[in-house]
1. Suppose every Lys and Arg Cβ carries +1 and every Asp and Glu Cβ carries -1, with no other charges. What dipole size does the chain come out with about its Cα centre, to the nearest 20 debye?
2. How many percent of the accessible area of region 521-601 is carbon or sulfur, using a 1.4 Å probe?
3. Return the sequence-ordered ³J(HN,Hα) values of region 181-192 in whole Hz as given by the Karplus equation 6.51 cos²θ - 1.76 cosθ + 1.60 applied to θ = phi - 60°, using x for Gly and Pro.
4. Can you compute the FRET efficiency between Q575 and T455 using 1/(1 + (r/R0)^6), with r the Cβ-Cβ distance and R0 = 51 Å? Round to the nearest 0.05.
5. Under a plain spin-label model, where a point goes 7 Å from the Cα along Cα-to-Cβ, how far apart in nm are L141 and L469?
6. Pick out, from A675, P629, I690, the residue whose Cα sits farthest towards the positive end of the charge dipole of region 619-726, with +1 on the Cβ of Lys and Arg and -1 on the Cβ of Asp and Glu.
7. Quickly rank 500-511, 193-204 as a protection proxy: mean count of other C-beta atoms within 10 Å, highest first.
8. Can you list residues whose amide H is under 5 Å from T261's amide H, if they're 5+ apart or on another chain and H is modeled 1.01 Å from N?
Amino acid sequence: MRYGHFDDERREYVITRPDTPLPWINYLGSEDYIALLSNTAGGYSFFRDARLRRLIRYRYNNAPLDVGGRFLYVRDDDTGDYWNPGWQPMQRELDAYTCRHGLGYTVIAGSRGGIRAETTYLVPPGQTLEVWRTRVTNDRLTAARVSLFGAVEFCLWDAQDDATNFQRNLSTGEVLVEDGVVYHLTEYRERRDHFAWFACSAPVAGLDTSREAFLGAYRGWDRPLAVERGTLGGSVAHGWQPVGALQVTLALEPGESREVTFTLGYTENPAGHKFDPPGSGRPDTTRARAVIDRYRRAGQVDDDVEELRAAWEERLATLQVASGNPHVDRMVNTWNPYQCMVTFNLSRSASMFESGIGRGMGFRDSNQDLLGFVHMVPERARERILDTAATQLPDGGAYHQYQPLTKRGNDAVGSGFNDDPAWLVVAIAAYLKETGDLSILDEPVQWDNAEGSETPLHDHLRRCISFTLDRLGPHGLPLIGRADWNDCLNLNVFSEHPGDSFQTAPNRPGGVAESVFIAGLFVLAAREAEAVARMRGDEIEATRCRDAAASMTTAIEAHGWDGAWYRRAYDHVGQPVGSAENDEGQIFIEPQGLMAMAGVGLEDGRTRTAIASVRERLATPHGIVVQQPAYATYHLELGEISSYPPGYKENAGVFCHTNPWLMIGEAITGNAEGALDYYLRINPSAREAISDVHRCEPYVYAQMIAGRDAPTHGEAKNSWLTGTAAWNMVAISQWILGIRPEHDGLRVEPVVPASWTGFRATRQFRGTTYDIGVVRASRGDPLTAGSVEVVVDGRPIEGTLIPLPVPGTPRVRIEVVLG
Ligand code: GLC
Ligand code: GLC
């Protein structure tokens, strides 16, 4: 069952009924001001940091879900009937409803009783505000008198404190009302230099700033007293819950439309401009007013929409494909890169499932996210690499997370996840392959953000490699530390106390738990580092990396192989994890695809065998689960992984992040059918038809789909902010379509199913646009099967790596013939 459809032309997803299984959201804003917006206008907004600078309140875990956010009421002043064009929170039946989620904007339209209201929500590029531009239309044959009410409930900045510290917060709320604008001033009197405001483009007929006055005692947002009455009382909040509620009245002739723009903004005042006049205690609103006035101008919002559209078209032009498979095309051309950008902007901090309170940016997460957007915004990728590397610890290790506001590492969520540093190598390599910008390696970068500690980035890279080599266990495999990519494989923690965090509880001393996964990742990273060292002419480092990769490969061959797949780990006392010897958790997904990427086991055929074992044991129609059999009970020696009920999350859920590794593995071992098959199993668009099972948005990936051991097999959770976005982008674009940046040029080596007759793509790469046409010469001819011939501007080349053209070459034409 579907709740809408794709409008590929406009790059929009159109939701046609408001009661989607879960809130289906969009992200507005890509710089400082971010707004999460659901299909019923729920969600919240913040400036840079979802916890510390929250503008409006949002209550997670609410019933019904997703109440809170942006309240818009239309009232028929002749009859007193009132309703929300976005359906929530009143849920009054609508005669028509659509929500169009586009790239950086959303349009929600609802109508009832001949009155139509269509609102465009967006965060204008470069600004710190959100706009709700509402067009109210009278579709009746008679004149109508209509009131439009816009309202927000302010958060008292720190979202955590706001939800807990009531003894203080019920007394601190302050507002200022001036010229129909509500300024939210809580704590401005003391140390804050910023405030929020809620304004409107039309003359205001009334306003309220006290929640109780607006809603009425014992009422909720689903039946505000002031809206029911049709007039706002002009209340001024003192403490309690400050809100901004504005009323506009409209007299509409038959067929007439009027536009009203509400703006919710954030203003920071520079030092010396806090009060006006200085020292008066009255905030200086000059800067805020300039922005407010700008959005009183008709046409401003249309200009912003155009600017957003143009920016997205430009960004997406880096890679466009026409394959004929709609699920491939719309994900590659629009939604997957869009999700990659959102994931980049937000890391894991704020979604409908991440409250924005708990998490900073993950070290390994940020490095992997980069793989999905580096081709679109290389300069921001560069900055991200330097920021992340500056949090690295002097021993080469990493804090598991860092705070976006301060860019400093924090160990509030633990440290000692021994895979972390290797991901930095992978990210740097991806940046270099995309851009060829070797100068980044010479950038001075701090250690643990300590002033004066700077050494060049290539030194960070070197220490990433040393970090693993300094921590080898009895089998010569890397020690796992607290966990590796699988945060929940806590082989050294032994937690017995309810509520203990697996991330921070002390490790039991003396552990020698080793990770076969990190071993594979290390080989991958060491090979990348070797190539980088070679480009820099550092033969000593190149040799060190090559030898390290070789001896790690030997250790994997000796102790990582289980017979039909790679083992996952060795536990605290040296027993195998992910082995046929185990009763549960015999085979894990993570190492199997990764070995192919690292080039391990390709010659002796082990990796092919491992990948076949995955297909046999772990693949389900809804994707590939993490391991089998699921852990039925809690295992002290394994940690959080066994804390989840079977089939969920790391305990045998389909952890979508890992699935692309198998797609890549299938592609590397030449199984084109297998690679695309896995790709389509978790592709959100391909799952649109089962939206009632999948439940999350059909336009973005979710972190997890419940595995076959779960009663809810096929149900997705935790959409949007997941490494799945980046890895799927890599798998489909670089390994299946085969358009892959390398240090010496662009490789074009598609691994697509025999049923594909060809495809076209354009890829911008280091200043040149590659027009790529792929055709299949002969179907199913065993003699030429698998061959790839590449012709560059009419001249056949040897192999599939297209040499870099003369700098400044605008276009290159590539024809590829698949045997
Ligand atoms: C979450 C974490 C990521 C981890 C994964 C598997 O997605 O953000 O860092 O690798 O879970 O545990
Ligand atoms: C990762 C995992 C999640 C776990 C969390 C904290 O995000 O995906 O399952 O609960 O880390 O350990």
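1. Dipole about the Cα centre, nearest 20: 1140 debye.
2. 49
3. Result, ordered by residue: 10, 9, 9, 8, 10, 3, 6, 5, 4, 10, 9, 7 Hz.
4. The formula returns an efficiency of 0.80 here.
5. 8.6
6. I690
7. Packing proxy ranking, top to bottom: 193-204, 500-511.
8. T134, S201, A202
The values are calculated or read from the model by the stated rules, or taken from the named source; none is laboratory data. Here the structure is a predicted model, which means the values were calculated and not measured. We place every Cβ from the backbone using ideal geometry, glycine too, and count neighbours over all the protein chains shown. Please note that ligands, DNA and RNA were not included when accessible areas were found on the heavy atoms of the full protein model with its side chains. Shrake-Rupley method; radii C 1.70, N 1.55, O 1.52, S 1.80 Å.
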